[in-house]
Amino acid sequence: MAQAIPPLRIGPHTIWPPIVLAPMSGVTNRTLRALYKPFGLGLTVTEFVSSNALQFGSRRTMEMIDQHGLEHPVSTQLWGNDPRVMAYAAKVVRECGADIVDINFGCPAPKVTKTEGGSACLRDVERCEAIMRAVVAAVDCPVTVKMRLGWTEQDLVFVEVAKRAQAVGVQAVTLHARTARQFYKGSADWEQIAALKHAVDIPVIGNGDLDDPHLAMERMRASGVDAVMLGRATLGNPWLISALRTLMEGAQAQPYPAAAERLRYAIHHYRTMVEEWGEERAVPQMRKHLGYYLKGFAGASELRERVMRTSGAEETIAVVESTIARLESAPLVA
Ligand SMILES: Cc1cc2nc3c(=O)[nH]c(=O)nc-3n(C[C@H](O)[C@H](O)[C@H](O)COP(=O)(O)O)c2cc1C
């Protein structure tokens, strides 16, 4: 089928569809990324990893940069404030299979910004440039940057940082169009994303508040971005990704599946997590994910409470299975 939207090109990678799964710390581990990939992700990004931590290479840190064989191309995201340490970390993740190295200039969490990492880097564009230059020089793969608009509304440095990025050889930039001070308040400012697209020649990936496939298409066309990044709205709803891919192919999007099918997929997600991480580590993570899958249909809050009271994987899955049976005999879809 003719593609209505061209692929995203980053260095040697032709990325189709131009849909990127947002890195989400504590959520988008390799299992989730591989599960969501076939829905239509062109590119996945690891959770952010501390460049300092990579110097020590603990098991937990190495797990965070681990990739799933199914997900290439995959980008590994690093955060830190020291160009030398970031360059070292970039070499490590490249050796461990990263196709792209992404630099985080966006995280607003105090535990990151108090060490001048993440979005705090945007308070010093010279430092941003030094980090980008060092990372580009360290690896033989494309380097990209993900950032916010600036630290506050008074210092919107994103165009300046993106121009410097382009000048030192960064090959794409993602903009989550909020300031660091906003955290997740207000809404992402897609006018600023359009302004960035006009200001630089490297590909721009637009990010923020895309929770509907038609909205994502509209934002993409209006801003002219080369790709969109989807985050929170995909959790419990990977069908957002497939619906957007269908629109990008120039076809009509299918409606989202009914509740029973969504829950059946949630069980598949649950079992895959247990298989890959063991029950002890999968159960707390899957409580969170089941909460997402259970959003938005009648009877969900009662079911969520029942799920929270269960102890092991099989008990939880049995509760979800009995709900599926109930839904199929008397559908409750809102
Ligand atoms: C739980 C959570 C964890 C996140 N972790 C990261 C991260 O590790 N690296 C990063 O660049 N952004 C991170 N983000 C920000 C997202 O990548 C994305 O920019 C943001 O959620 C806006 O997109 P959305 O409106 O589609 O969710 C995180 C967001 C959430 C909700």
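3J(HN,Hα) couplings calculated from phi for segment 263-268 with the Karplus curve 6.51 cos²θ - 1.76 cosθ + 1.60 (θ = phi - 60°) are, in sequence order, 5, 4, 5, 4, 5, 4 Hz; Gly and Pro show x. Taking the protein heavy atoms of segment 8-248 in the context of the full set of protein chains, the accessible area attributed to carbon and sulfur is 49 percent at 1.4 Å.
In this structure the amide hydrogen of residue 102, modeled in the peptide plane, comes within under 5 Å of the amide hydrogens of 76, 77, 78, 144, none closer than 5 places in sequence on its chain. Neighbours of residue 210 by Cβ distance under 14 Å: Lys/Arg scored +1, Asp/Glu scored -1, total 0. Shape of the chain from the C-alpha gyration tensor: prolate (a/c of 1.5 or more and a/b above b/c, with a ≥ b ≥ c the square roots of its eigenvalues). Applied to segment 252-259, the Karplus parametrisation 6.51 cos²θ - 1.76 cosθ + 1.60 on θ = phi - 60° returns per-residue 3J(HN,Hα) values of 7, 6, 6, x, 5, x, 6, 3 Hz, with x for Gly and Pro.
Other residues lying with their Cβ under 15 Å from the Cβ of residue 95 contribute a combined charge of -1, Lys and Arg counting +1, Asp and Glu -1. DSSP finds beta bridges in the chain, and of those with both partners inside it, around 10 percent are antiparallel.
Please work out the Cα center distance from segment 163-191 to segment 206-272, rounded to the nearest Å. First find each Cα centre; the distance between them is then 21 Å. Among 186, 291, 106, the residue with the largest mean-square fluctuation in a Gaussian network model of the chain, with springs joining Cα atoms closer than 10 Å, is 186. Across segment 292-297, computed HN-Hα scalar couplings (Karplus, 6.51 cos²θ - 1.76 cosθ + 1.60, θ = phi - 60°) run 5, 5, 8, 5, x, 9 Hz from first to last residue, x flagging Gly and Pro. Each DSSP beta bridge with both residues in segment 1-160 is either parallel or antiparallel, and the antiparallel ones are about 15%.
At a threshold of 8 angstrom on Cα-Cα distance, excluding pairs fewer than six apart, so keeping six or more, what relative contact order does the chain reach in percent?
On the way: 636 pairs, mean separation 45.8, N = 334.
Relative contact order of the chain: 14 percent.
Amide H contacts of residue 172 (H built 1.01 Å from N, in plane; Pro and chain starts excluded): 145 sit under 5 Å, all sequence-distant by 5 or more or on other chains.
Computed over the alpha carbons of segment 259-329, Rg followed by Dmax gives 11.1, 34 Å. Of the listed residues 184, 292, the order by accessible area with a 1.4 Å probe, largest first, is 184, 292. Keeping every protein chain present and rolling a 1.4 Å probe, give me the accessible area per residue for the chain in Å². Solvent-accessible surface per residue comes out at 42 Å².
Per-residue SASA remark: residue 70, around 120 Å² accessible (1.4 Å probe; ligands, DNA and RNA not included).
The values are calculated or read from the model by the stated rules, or taken from the named source; none is laboratory data. Note that the coordinates shown come from a computational prediction; the quantities given were computed from them, not determined experimentally. FYI the Cβ positions are ideal-geometry reconstructions off the backbone, even for glycines, and counts take in every protein chain you see. Side chains included, ligands, DNA and RNA excluded: accessible areas come from the protein's heavy atoms. Shrake-Rupley method; radii C 1.70, N 1.55, O 1.52, S 1.80 Å.
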